[in-house]
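S.K.: Handing you this structure, nothing more for now.
The values are calculated or read from the model by the stated rules, or taken from the named source; none is laboratory data. Note that the coordinates shown come from a computational prediction; the quantities given were computed from them, not determined experimentally. Note: ideal-geometry Cβ built from the backbone for every residue, glycine included; neighbour counts use all protein chains shown.
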């Protein structure tokens, strides 16, 4: 294996600039003559805005302009759209109330944008924002999903504050399965609300060039073309030729930077109004208030089993909080990215899921690392664990008994997906062996001797990644295609520039994609540059989310490389006086079968640009573009096992061991893949133990609005995670890859909560904070003493 | 307005600034040293860690005026003649960074740790990083990188 080829843990190309302080994040960019924007945000959760008086603010020092929703309305600015239409169980589309970048009549959550102040300096903008007088006629805030249906209306368009009442699966088949069941396990679950907290706050610079009547937008985006599409086609009504979106180095996204937000929209619009570049960077407090949040489900689940432990049917009822407005993809997350995963790794023959999407006076909720799939895994893996306990069966063996078997693939689930491949038992076996499951009881006894409670928890997760086959998602309501593009351009001297529609914000694409191209074209890894994140340079692309970059974006690169090779073959055949059919390409060289004739790829590239001796009918240049639309989702799967020890005196949960065995298909860079797994687990552990977004149920104020109130996981909260791999290659993309970015966050919460409930022998909702754990442990001690 | 002078990465600088100017703003906006980042507004994330007179400090929590006359080192001053410092090299070698946003603060903080404790245990490294938040890596490879650099720097 070459040390920079596929399968090698190549050190990252992007690291030098990040390690020397030379990354270029949006806030690092400054434009000549720029002015600064500050948003006046609603201090209340739900109110009619009866008047806005900005006279004093407009006259304040340094103020360039103050804009309100009325100014945008007068200018014909539209609403931020939701790009996925979910059809509810009555056949109606979801309720889609408008979401204006600056409010027009009402505020609907604390942090809603009321006005935009633009000034020469940021401090002047902030000071002027404080001078704006707004009259609010307060309405009862709707915070709790459970009572939202009978509460004050947030949008006139959505009676009962219901966005959709949606279902998937065959209800009558499920009812029949339950009628024949020997056992029914049931559980009520909360999937707690999270705040994504990418370390780089969102930021934007809008710039307008009156000479060409065109805009440049710098934005912390995971998908610059999608942002451009939304800005142009839906909100600002501009031709795409007049807007360039640049997403430079982006400091983490985790989903929260997929969406089109009010602020970058307003900065772009305002740049033309004030004739100067307009810059905005979120303070962390604004990130807490206004970045799209994640999760927030309440669910009742029932699993029907026969006496031997075979799963017969699964029934799931979920309420999903969508927040005050629909963010860009908010409707698909608790529906098509959730209920479709409820088969898990199992042969459960009948599944039905009902989801009610609710509006509340809270920040919009949308995709956050895993997006729907962690919620599904949590439901499935928690109820399976509960069933194992009720049947007094080994939880590993109950899972094994219900696994889809290798000879059943391709496997059609009862919830729409068709798994192309998988092999679940070897993954389970490897995880059991790594954690030394057979001696767990001894470790538990040892903990008990030390006055501690030990538990072990499993999570056999599956995810649908590589988003996604365009026709499939189109039939389900998606407003976009989910293909990816790539352009592979040989330069005359043999270096290669690759333009990809994928966007890297920590994933290491510059390294992995270079490995891929170097391997395909047989050229040195150092000779490949990866260009991404600029609509002015790259072909139309769909960006990075849903663990899609390698499976979809990488496949597009692979296809473009194939086209380069095919053209090169014709040129090489001409130079070697052979027929193209007789020319083979291997390790960077074209050769003629049965001869010693050979031409290096770089020589062919040079010939393509200096075509003095050139085949007739072949165009000069070596520069090919490919689009790849996946044939199916990919299905990474694996088993995580967590082992915890709880101190009943303090309620502290210590993670004693963690093994993650994942099947991601073919792996290009194991070092990067393991890093993705570590980070994903950390976010999952964060959800299960530490993180929790809380709104005050009366006032709707965000209580967890800073790092002092929202518990971000720190280095000393984690053990060393042990990562293993098994491999079944994806059958339908050219690379055999499945995707690895979200797996950890999908698997981890269920594994950890299964371990904690095992230790406590009692149910507990996330986050399992020391206080909650301590109360349960103490009650048990008291109960035992009585 | 106020005139402040200090040495930054070995160069003497003097600028006239608003007295409210934070050190991090001074570095980023007045000196264009944008490697020092701002990730929060409550002094907790550590993306802004620099060295002031050899000690790690959060540049978001000091006024530029407070470091008058001091010797300040930022991430831009750590590599010498383009060669990565062993700590930076270890972060690369062990994949101790993903998006790179927290990285400058992590590196500056880790360098200070090793000044205080050249041979820390994993637990001591993790505890020291209490004031630096990373959302990408799960910290595992950061700890590995710091331990590797510690070993390299001891030898």
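S.K.: Return the only residue of A:685, A:723 being in a strand (DSSP E or B) and within 13 Å of chain B (Cβ to nearest Cβ).
M.R.: On the way: A:685 fails: in a strand (DSSP E or B).
Among A:685, A:723, only A:723 is in a strand (DSSP E or B) and within 13 Å of chain B (Cβ to nearest Cβ).
S.K.: I'd like to check which strands (runs of 3 or more DSSP E) are fully inside the stretch A:580-681 and have at least 2 residues that are within 30 Å of residue A:730 (Cα to Cα), in contact with a strand residue (DSSP E or B) (Cβ under 9 Å, 6 or more places away or on another chain) and not assigned by TED's automatic domain parsing to the domain that holds residue A:341. Step through it out loud before you land on a result.
M.R.: Values: elements: A:583-586, A:589-592, A:598-600, A:623-628, A:637-647, A:652-663.
In the stretch A:580-681, A:583-586, A:589-592, A:623-628 are the strands (runs of 3 or more DSSP E) which contain 2 or more residues that are within 30 Å of residue A:730 (Cα to Cα), in contact with a strand residue (DSSP E or B) (Cβ under 9 Å, 6 or more places away or on another chain) and not assigned by TED's automatic domain parsing to the domain that holds residue A:341.
S.K.: Taking residue A:338 as meeting all but one of (1) in contact (Cβ under 8 Å) with a residue 60 or more places away in the chain; (2) touching a helix residue (DSSP H, G or I) at 6+ places or on another chain (Cβ under 6 Å); (3) surrounded by 24 or more Cβ atoms within 10 Å (Cβ to Cβ), write down the number of the exception.
M.R.: If we test residue A:338 against (1) in contact (Cβ under 8 Å) with a residue 60 or more places away in the chain; (2) touching a helix residue (DSSP H, G or I) at 6+ places or on another chain (Cβ under 6 Å); (3) surrounded by 24 or more Cβ atoms within 10 Å (Cβ to Cβ), just (1) comes out false.
S.K.: In addition: Only one of these conditions is not met by residue B:145: (1) under 14 Å from the mean Cα position of the chain (by Cα); (2) in contact (Cβ under 8 Å) with a residue 40 or more places away in the chain; (3) under 22 Å from residue A:672 (Cα atoms). Which number is it?
M.R.: Here residue B:145 clears every test but (1).
S.K.: Inspect the stretch A:8-28 for any residue being crowded, with 19+ Cβ neighbours inside 10 Å and more than 25 Å from residue B:89 (Cα to Cα) and give the result as yes or no.
M.R.: Yes - at least one qualifying residue is present in the stretch A:8-28.
S.K.: Does residue B:39 meet the test of being under 12 Å from the mean Cα position of the chain (by Cα), within 23 Å of residue B:133 (Cβ to Cβ) and crowded, with 20+ Cβ neighbours inside 10 Å?
M.R.: On the way: under 12 Å from the mean Cα position of the chain (by Cα): no; within 23 Å of residue B:133 (Cβ to Cβ): yes; crowded, with 20+ Cβ neighbours inside 10 Å: yes.
Here the answer is no, as residue B:39 does not meet what is asked.
S.K.: OK, next. Would it be correct to say that residue A:245 is closer than 20 Å to residue A:329 by Cβ and out of contact with any strand residue (DSSP E or B) (no Cβ under 9 Å at 6 or more places or on another chain)?
M.R.: So residue A:245 does not fit the description; no.
S.K.: Determine which single condition residue B:7 fails, assuming it passes every other condition in (1) closer than 30 Å to residue A:705 by Cα; (2) more than 12 Å from chain A (Cβ to nearest Cβ).
M.R.: (1)
S.K.: Within the stretch B:129-154, how many residues are more than 8 Å from chain A (Cβ to nearest Cβ) and either in contact with a strand residue (DSSP E or B) (Cβ under 9 Å, 6 or more places away or on another chain) or surrounded by fewer than 24 Cβ atoms within 10 Å (Cβ to Cβ) (or both)?
M.R.: Filtering the stretch B:129-154 for residues more than 8 Å from chain A (Cβ to nearest Cβ) gives B:131, B:144-154.
Among the residues that remain, those that are also either in contact with a strand residue (DSSP E or B) (Cβ under 9 Å, 6 or more places away or on another chain) or surrounded by fewer than 24 Cβ atoms within 10 Å (Cβ to Cβ) (or both) are: B:131, B:144, B:147-148, B:150-154.
Result for the stretch B:129-154: 9.
S.K.: I'd like to verify a number: residues in the stretch B:47-70 that are within 11 Å of chain A (Cβ to nearest Cβ) and either surrounded by fewer than 20 Cβ atoms within 10 Å (Cβ to Cβ) or over 9 Å from the mean Cα position of the chain (by Cα) (or both), how many?
M.R.: Adding up the residues that qualify gives 1.
S.K.: Using the structure shown, decide if residue A:726 is surrounded by fewer than 19 Cβ atoms within 10 Å (Cβ to Cβ), in contact (Cβ under 8 Å) with a residue 60 or more places away in the chain, more than 21 Å from the chain's Cα centre (by Cα) and closer than 25 Å to residue A:456 by Cβ.
M.R.: Numbers: surrounded by fewer than 19 Cβ atoms within 10 Å (Cβ to Cβ): no; in contact (Cβ under 8 Å) with a residue 60 or more places away in the chain: yes; more than 21 Å from the chain's Cα centre (by Cα): yes; closer than 25 Å to residue A:456 by Cβ: yes.
Against the criterion (surrounded by fewer than 19 Cβ atoms within 10 Å (Cβ to Cβ), in contact (Cβ under 8 Å) with a residue 60 or more places away in the chain, more than 21 Å from the chain's Cα centre (by Cα) and closer than 25 Å to residue A:456 by Cβ), residue A:726 does not qualify.
S.K.: Just checking, how many residues over the stretch B:101-128 are free of Cβ contacts under 8 Å to residues at least 60 places away in the same chain and within 9 Å of chain A (Cβ to nearest Cβ)?
M.R.: Filtering the stretch B:101-128 down to residues free of Cβ contacts under 8 Å to residues at least 60 places away in the same chain leaves B:103, B:107-108, B:110, B:113-114, B:116-128.
Subset that is within 9 Å of chain A (Cβ to nearest Cβ): B:103, B:107, B:122-123, B:125-128.
Residues that pass the stated criteria total 8.
S.K.: Answer yes or no as to whether residue A:451 is surrounded by fewer than 20 Cβ atoms within 10 Å (Cβ to Cβ) and assigned to a loop (DSSP other than H, G, I, E, B).
M.R.: yes
Conditions tested, residue by residue: (1) assigned by TED's automatic domain parsing to the domain that holds residue A:688; (2) part of a loop (DSSP other than H, G, I, E, B); (3) within 21 Å of residue A:742 (Cβ to Cβ); (4) modelled with pLDDT under 95.
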| position | (1), (2), (3), (4) |
| --- | --- |
| A:443 | yes, no, no, no |
| A:446 | yes, no, no, no |
| A:460 | yes, no, yes, no |
| A:506 | no, yes, yes, no |
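S.K.: Out of (1) within 7 Å of chain A (Cβ to nearest Cβ); (2) in a helix (DSSP H, G or I), the odd one out for residue B:25 is which?
M.R.: (1)
S.K.: Can I ask one more? Looking only at residues in the stretch A:423-448 that are free of Cβ contacts under 8 Å to residues at least 24 places away in the same chain and surrounded by 15 or more Cβ atoms within 10 Å (Cβ to Cβ), which one is nearest to residue A:255 (Cα to Cα)?
M.R.: Selected residue: A:429.
S.K.: Just the residues that are under 19 Å from residue A:334 (Cα atoms) and crowded, with 21+ Cβ neighbours inside 10 Å, please, taken from the stretch A:130-167.
M.R.: A:143, A:145, A:148, A:161, A:163, A:164, A:166
S.K.: All but one of (1) more than 22 Å from residue A:539 (Cα to Cα); (2) surrounded by 24 or more Cβ atoms within 10 Å (Cβ to Cβ) hold for residue A:273, so report the exception by its number.
M.R.: It fails just one condition, (2).
S.K.: Look at residue A:66 and say whether it is crowded, with 17+ Cβ neighbours inside 10 Å and either within 24 Å of residue A:205 (Cα to Cα) or assigned by TED's automatic domain parsing to the domain that holds residue A:727 (or both).
M.R.: On the way: crowded, with 17+ Cβ neighbours inside 10 Å: yes; either within 24 Å of residue A:205 (Cα to Cα) or assigned by TED's automatic domain parsing to the domain that holds residue A:727 (or both): yes.
When the stated conditions are applied, residue A:66 passes them.
S.K.: Go through the residues of the stretch A:234-252 one by one and say whether even a single one is closer than 14 Å to residue A:504 by Cα and more than 14 Å from chain B (Cβ to nearest Cβ). Spell out how you get there, then give the answer.
M.R.: Initial filter on the stretch A:234-252 (closer than 14 Å to residue A:504 by Cα): A:246-252.
Checking the rest, the ones that are also more than 14 Å from chain B (Cβ to nearest Cβ) come to A:246.
Checked against the condition, which is being closer than 14 Å to residue A:504 by Cα and more than 14 Å from chain B (Cβ to nearest Cβ), the stretch A:234-252 yields at least one hit.
S.K.: Any chance you could count how many residues in the stretch B:71-100 are at positive phi and more than 7 Å from every other protein chain (Cβ to nearest Cβ)? Full working, then the answer.
M.R.: Just the residues of the stretch B:71-100 that are at positive phi, to begin with: B:81-82, B:95, B:100.
Cutting the leftovers down to more than 7 Å from every other protein chain (Cβ to nearest Cβ) gives us B:81-82.
Final tally of qualifying residues: 2.
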